[in-house]
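Take a look at the structure set out below.
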Amino acid sequence: MSVFINKNSRVIYQGFTGQHATFHAQEAIKHGTNIVAGVTPGKGGNTHLDRPVFDTVSDAVSQAGADVSGIFVPPQFAADAILEAIEAGIKTIVVIADGIPVQDMVRVKRYIIGHDSIIFGPNTAGVITPSECKVGIMPANIYQPGRIGVVSRSGTLNYEAVAQMTALGHGQSTSVGIGGDPINGANFVDVLSAFNDDPDTDAVVLIGEIGGTQEVDAAEWASANMNKPVIGFIAGVSAPTGRRMGHAGAIISGEADTAEAKMNRMEELGVHVVRNPADIGKTVDRVLKA
Amino acid sequence: MNIHEYQTKELLKSFGVPVPDGRVADSEASAGMIAEEIGGERWVVKAQIHAGGRGKGGGVQLADSIDEVRKHADHIIGSRLITPQTNSAGKLVQRVLVEAAQNITREYYLGLIIDRVAQRITIIASASGGMDIEEVAKTDPDKVVRVAIDPAVGLPEFLCRKIAARIGLTGPLMPQAVKLMRALYRCFRDKDALMAEINPLAIVDGDRLLAIDAKMSFDGNAVHRYPEITNYRDFDEEDPKEVEASGHGLNYIALDGNVGCIVNGAGLAMATMDAISLHGGAPANFLDVGGGASPEKIANAFRIVRKDPNVKAILLNIFAGINRCDWVAEGVVQAMQKQAISEPVVVRLSGTNYELGQEILKKSGLPFIHAKDLDDAAGKAVGAVGNP
């Protein structure tokens, strides 16, 4: 099994006919993803990649049974696209768009209350259940089916960790990107909780960054609730305070935000902390064989 | 994006926040003229730079005559102001704000932030004004009122009254506080701000609320919606290398070390810096080339990294998903051929089109140091600094 998406997911891409969405939809289809339709306002009634195009997400839900959406629209329109997906009843919303205004996301997070949807991102490389379903921009060939759950803020650091794991024969149940923005959808705890309940996930790799307290909150939750090992890495030990390191969320504003402080606290809470980003795969191997 | 105090006050005033009478001057003469226009007997001359702690560095001066205003302006404009928030070289001051000095009875703190925990805008208020609010929150958390704002209703009057009462703004001051808080929130919301701070907010002449100092920063992903805010950007306050990099779609931040880094993705870029540190080296910069990087973009990244004279070796670490290793490799070859790079260049490529990328590098016959993974790359880059 897996979490959030699998071979039965009925996926749409919003912004389907755009150049990026087209390329990544093709890649996803090659990987076995069940893309049932796409949405591009104004192009309803057309066909793209042999799939129907709808004007609205509601049409894609009622006529194609969509329950997962990948949002590929430009950042200035992305919040509107997320609201549309929530309103239409899409269960899993993956927001690839990078550069969504923070206050747009504040309003989205208010609107989602009371709706049965979960958002991954914005600014995520996406979510992948290897060989079943891929909604995102990650290179599918480094992933392989297996029993390790992966959750990260960063996309490329996720690739780095996954490649190390796969090279040592440890495949992934699902790999989830929660995105690098300060206001995002699902947080680490939401994803850990899903992995904890998944009978086909044996351990979880959590990859965080400087800034905020999400990773420590997740470690606290894990220490109280998880019955599976958690392997953790925090990027940014060498980052200076007060400078934003690319991701809008990656800025050290207080002592609790530093990578060092986070890793120490996570270790106290029972997480298998990896100090060297090159040792993530090796640590997974060691923990599983222990 | 940060803006100056005088710009913040101009903006807040347009939303109805009361600010002192004042204007910005870029010379001694105009400072004197502004003081005359304002009138009164006492003025304050404030250096305009994007850094706090200006008072501690001598950047805020009181003047009791027009002559004194000119003297302070002359002294401050063109000087390098060193404050607890600047580096040791300080920041060049190009303008001063000349304001009527105020008769302050009491000081408060009022701020708005994007609260990551609440995932909302949070208002922060305190009766301990004029101080570092983070310090107050640490030592005396009861003195800091924090309320997360529901975006569905905004900041209603009752909530403002409640906050005002908690920090002791009662009686005739309460309606003023309510109006001011709501004006600040409207400005924050309508201009996509990330941070707004009035510190101190003061009672002057015993009965009037006034924003004595104010600071705001705005969401770089939203400023394009507001040309008037975009116009506030002061490029002189930014590192010229960082400005040039952002023009090329690169995210560059200068650091103190000597290993230049070119990486895709913020998380991997930080992890690469960490790996360099673990090998006993020091990164010269953070640089994220982003996704879909063209050969030209990679070549530009080399140019920007090499502008830092401390750089003794360059580490290129690309794990391509949306990127293509062949494009990256072409960019590296272009850079090596056109820029006469003398520093050792360590290249680690992985992911999309890896084989094509390797072939381009091999065919070029250029002296790259090939690295097979992250650890190998960091080790070789740090080693190369020692043995150029």
Breaking point among (1) free of Cβ contacts under 8 Å to residues at least 24 places away in the same chain; (2) touching a Phe, Trp or Tyr at 6+ places or on another chain (Cβ under 7 Å), for B:Ser294: (1)
Any hit, region B:94-116, residues being crowded, with 16+ Cβ neighbours inside 10 Å, outside any strand (DSSP E or B), without any contact (Cβ under 8 Å) to a residue 24 or more places away in the chain and not aromatic (Phe, Trp, Tyr): yes
Scan of region A:185-214 for residues that are among the small types (Gly, Ala, Ser), more than 10 Å from chain B (Cβ to nearest Cβ) and under 12 Å from the mean Cα position of the chain (by Cα), ordered by number: A:Ala186
Answer from A:Ala222, A:Ala290, A:Ala239 - the residue that is more than 9 Å from chain B (Cβ to nearest Cβ), more than 17 Å from A:Asp190 (Cα to Cα) and not aromatic (Phe, Trp, Tyr): A:Ala290
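Taking the stated definitions as given, is A:Gly149 closer than 30 Å to A:Ile113 by Cβ, under 16 Å from the mean Cα position of the chain (by Cα), outside the structural domain of A:Asn6 (by TED's automatic domain parsing) and in contact (Cβ under 8 Å) with a residue 60 or more places away in the chain?
On the way: closer than 30 Å to A:Ile113 by Cβ: yes; under 16 Å from the mean Cα position of the chain (by Cα): yes; outside the structural domain of A:Asn6 (by TED's automatic domain parsing): yes; in contact (Cβ under 8 Å) with a residue 60 or more places away in the chain: yes.
Here the answer is yes, as A:Gly149 does meet what is asked.
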Among (1) surrounded by fewer than 19 Cβ atoms within 10 Å (Cβ to Cβ); (2) closer than 22 Å to A:Ser253 by Cβ - the single one B:Met174 does not satisfy: (2)
Unique residue being of a type in the set (D, E, K, R), outside any loop (DSSP other than H, G, I, E, B), in contact (Cβ under 8 Å) with a residue 24 or more places away in the chain and closer than 25 Å to A:Asn6 by Cα when the list is A:Asp190, A:Asp217: A:Asp190
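Do the conditions hold for A:Pro182, that is, is it at pLDDT below 95, more than 30 Å from A:Ile82 (Cα to Cα), part of a loop (DSSP other than H, G, I, E, B) and at the interface with chain B (Cβ under 8 Å from one of its Cβ atoms)?
On the way: at pLDDT below 95: yes; more than 30 Å from A:Ile82 (Cα to Cα): no; part of a loop (DSSP other than H, G, I, E, B): yes; at the interface with chain B (Cβ under 8 Å from one of its Cβ atoms): yes.
Here the answer is no, as A:Pro182 does not meet what is asked.
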Tally of residues being of a type in the set (Ser, Thr, Tyr) and either without any contact (Cβ under 8 Å) to a residue 12 or more places away in the chain or surrounded by fewer than 17 Cβ atoms within 10 Å (Cβ to Cβ) (or both) across region B:128-145: 1
Complete set of residues in region A:55-108 that are among the hydroxyl-bearing types (Ser, Thr, Tyr), closer than 20 Å to A:Gly45 by Cα and buried (at least 18 other Cβ atoms within 10 Å of the Cβ): A:Ser69
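Is it the case that A:Ile252 is without any contact (Cβ under 8 Å) to a residue 60 or more places away in the chain and either at the interface with chain B (Cβ under 8 Å from one of its Cβ atoms) or in a loop (DSSP other than H, G, I, E, B) (or both)? Please lay out each step first, then the result.
Numbers: without any contact (Cβ under 8 Å) to a residue 60 or more places away in the chain: yes; either at the interface with chain B (Cβ under 8 Å from one of its Cβ atoms) or in a loop (DSSP other than H, G, I, E, B) (or both): yes.
Spelling it out, A:Ile252 is indeed without any contact (Cβ under 8 Å) to a residue 60 or more places away in the chain and either at the interface with chain B (Cβ under 8 Å from one of its Cβ atoms) or in a loop (DSSP other than H, G, I, E, B) (or both).
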Positions within region B:51-96 being of a type in the set (A, V, I, L, M) and farther than 16 Å from B:Gly40 by Cα, in sequence order: B:Ala51, B:Val60, B:Ala73, B:Ile76, B:Ile77, B:Leu81, B:Ile82, B:Ala89, B:Leu92, B:Val93, B:Val96
Close pairs from region B:66-90: first within 16 Å of B:Lys56 (Cβ to Cβ), partner of a type in the set (Lys, Arg) and surrounded by 15 or more Cβ atoms within 10 Å (Cβ to Cβ), Cβ under 7 Å, at least 6 apart: B:Arg80/B:Lys91; B:Leu81/B:Arg54; B:Leu81/B:Lys91; B:Thr83/B:Arg54
Some residue of region A:273-285 being within 12 Å of chain B (Cβ to nearest Cβ), surrounded by fewer than 19 Cβ atoms within 10 Å (Cβ to Cβ) and under 23 Å from A:Gly121 (Cβ atoms): no
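Given the criteria in contact (Cβ under 8 Å) with a residue 24 or more places away in the chain and of a type outside the set (Val, Ile, Thr), does B:Ala148 qualify? If you could, list the steps in order and put the result at the bottom.
Numbers: in contact (Cβ under 8 Å) with a residue 24 or more places away in the chain: yes; of a type outside the set (Val, Ile, Thr): yes.
So B:Ala148 fits the description; yes.
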Long-range neighbours under 7 Å by Cβ, at least six apart or interchain, first residue over 17 Å from B:Cys187 (Cα atoms) within region B:198-225, second basic (Lys, Arg): B:Ala202/B:Arg106; B:Ile203/B:Arg106
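Only one residue in B:Val346, B:Val305, B:Val332, B:Val289 is buried (at least 23 other Cβ atoms within 10 Å of the Cβ), within 13 Å of chain A (Cβ to nearest Cβ) and not small (Gly, Ala, Ser), so which one is that? Full working, then the answer.
Numbers: B:Val346 fails: within 13 Å of chain A (Cβ to nearest Cβ); B:Val305 fails: within 13 Å of chain A (Cβ to nearest Cβ); B:Val332 fails: within 13 Å of chain A (Cβ to nearest Cβ).
Among B:Val346, B:Val305, B:Val332, B:Val289, only B:Val289 is buried (at least 23 other Cβ atoms within 10 Å of the Cβ), within 13 Å of chain A (Cβ to nearest Cβ) and not small (Gly, Ala, Ser).
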Of the criteria (1) buried (at least 24 other Cβ atoms within 10 Å of the Cβ); (2) within 7 Å of chain A (Cβ to nearest Cβ), which one B:Ser277 fails: (1)
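Residues in region B:256-270: is at least one touching a Phe, Trp or Tyr at 6+ places or on another chain (Cβ under 9 Å), buried (at least 20 other Cβ atoms within 10 Å of the Cβ) and of a type in the set (Val, Ile, Thr)? I'd like the intermediate steps shown before the answer.
So the first thing to find is which residues in region B:256-270 are touching a Phe, Trp or Tyr at 6+ places or on another chain (Cβ under 9 Å), and the list is B:260-266, B:268-270.
Filter once more, keeping what is buried (at least 20 other Cβ atoms within 10 Å of the Cβ): B:260-266, B:268-270.
Retained after the next criterion (residues that are of a type in the set (Val, Ile, Thr)): B:262-263.
Within region B:256-270 (the criterion being touching a Phe, Trp or Tyr at 6+ places or on another chain (Cβ under 9 Å), buried (at least 20 other Cβ atoms within 10 Å of the Cβ) and of a type in the set (Val, Ile, Thr)), the answer is yes, since at least one residue qualifies.
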Qualifying positions in region B:106-124 - away from chain A (no Cβ under 13 Å) and either in contact with a Phe, Trp or Tyr (Cβ under 6 Å, 6 or more places away or on another chain) or of a type in the set (Ser, Thr, Tyr) (or both): B:Tyr108, B:Tyr109
Some residue of region B:103-116 being among the hydroxyl-bearing types (Ser, Thr, Tyr) and within 30 Å of A:Asp217 (Cα to Cα): yes
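This table checks each residue for (1) modelled with pLDDT under 95; (2) in a helix (DSSP H, G or I).
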| site | (1), (2) |
| --- | --- |
| B:Leu201 | no, no |
| B:Leu210 | no, no |
| B:Met216 | no, no |
| B:Asn221 | yes, no |
| B:Tyr232 | no, no |
| B:Asp236 | yes, yes |
| B:Glu244 | yes, yes |
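Name the residues in region A:140-166 that are hydroxyl-bearing (Ser, Thr, Tyr) and surrounded by fewer than 21 Cβ atoms within 10 Å (Cβ to Cβ), would you?
Narrowing region A:140-166 to residues hydroxyl-bearing (Ser, Thr, Tyr): A:143, A:152, A:154, A:156, A:159, A:166.
A:Thr166, the sole residue that qualifies.
Yes/no matrix, rows are residues, columns are (1) more than 10 Å from chain A (Cβ to nearest Cβ); (2) buried (at least 19 other Cβ atoms within 10 Å of the Cβ); (3) within 30 Å of B:Asn310 (Cβ to Cβ):
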position: B:Val178; (1), (2), (3): yes, yes, no
position: B:Phe188; (1), (2), (3): no, yes, no
position: B:Leu194; (1), (2), (3): no, yes, no
position: B:Asp219; (1), (2), (3): no, yes, no
position: B:Ala222; (1), (2), (3): no, yes, no
position: B:Asp236; (1), (2), (3): yes, no, yes
position: B:Val243; (1), (2), (3): yes, no, yes
position: B:Ser246; (1), (2), (3): yes, no, yes
Residues that are within 12 Å of another protein chain (Cβ to nearest Cβ) and within 14 Å of B:Asp274 (Cα to Cα), drawn from region B:354-388: B:Leu374, B:Asp375, B:Asp376, B:Ala377, B:Ala378, B:Gly379
Region A:150-173, residues that are in contact with a strand residue (DSSP E or B) (Cβ under 8 Å, 6 or more places away or on another chain), in a loop (DSSP other than H, G, I, E, B) and within 13 Å of chain B (Cβ to nearest Cβ): A:Arg153, A:Ser154
Answer residue from region B:307-366, given it is in a strand (DSSP E or B) and in contact (Cβ under 8 Å) with a residue 60 or more places away in the chain and is farthest from A:Ala21 (Cα to Cα) among those: B:Ala313
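The values are calculated or read from the model by the stated rules, or taken from the named source; none is laboratory data. Predicted, not measured: the structure shown is a model, and the values here were computed from it. Using ideal geometry, Cβ is built from the backbone for each residue, glycine included, and neighbour counts are taken over all protein chains shown.
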